Amino acid sequence: MPHSHETAIAYVITALEAKGTATREDFDVPGIVATSRAIVESWDLGAMDRAMFWNIAASHLKV
């Protein structure tokens, strides 16, 4: 399957909810996708360094 905006959103939601400690509602998912895509210059967010991904996610945590 080619990477797209939709696959990037699905990737982020899956990663955020994988441990069961948070949900997509706790984060600004569109913000995470936009920031991540700008860094990797691709919709393939799985290619991003995991530590960088989690730093981006943490900076998009809703308070």
Total residues in the range 1-25, condition touching a residue at least 12 places away in the same chain (Cβ under 8 Å), under 11 Å from the mean Cα position of the chain (by Cα) and open to solvent by less than 60 Å² (accessible area, probe 1.4 Å): 7
Unmet criterion (only one of (1) of a type in the set (S, T, Y); (2) open to solvent by 20 Å² or more (accessible area, probe 1.4 Å); (3) in a helix (DSSP H, G or I)) for S36: (2)
Test: residue in the range 49-62 that is assigned to a loop (DSSP other than H, G, I, E, B) and acidic (D, E): yes
Neighbours by Cβ (under 6 Å, 6+ apart or cross-chain): first from the range 26-42, farther than 15 Å from L16 by Cβ; second part of a helix (DSSP H, G or I): V40/A47
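The values are calculated or read from the model by the stated rules, or taken from the named source; none is laboratory data. All of these numbers come straight from a predicted model, not from anything done at the bench. No Cβ is skipped: glycine too gets one built from the backbone with ideal geometry, and neighbour counts run over all protein chains shown. All accessible areas refer to the heavy atoms of the entire protein, side chains included, with ligands and DNA or RNA removed. Shrake-Rupley method; radii C 1.70, N 1.55, O 1.52, S 1.80 Å.
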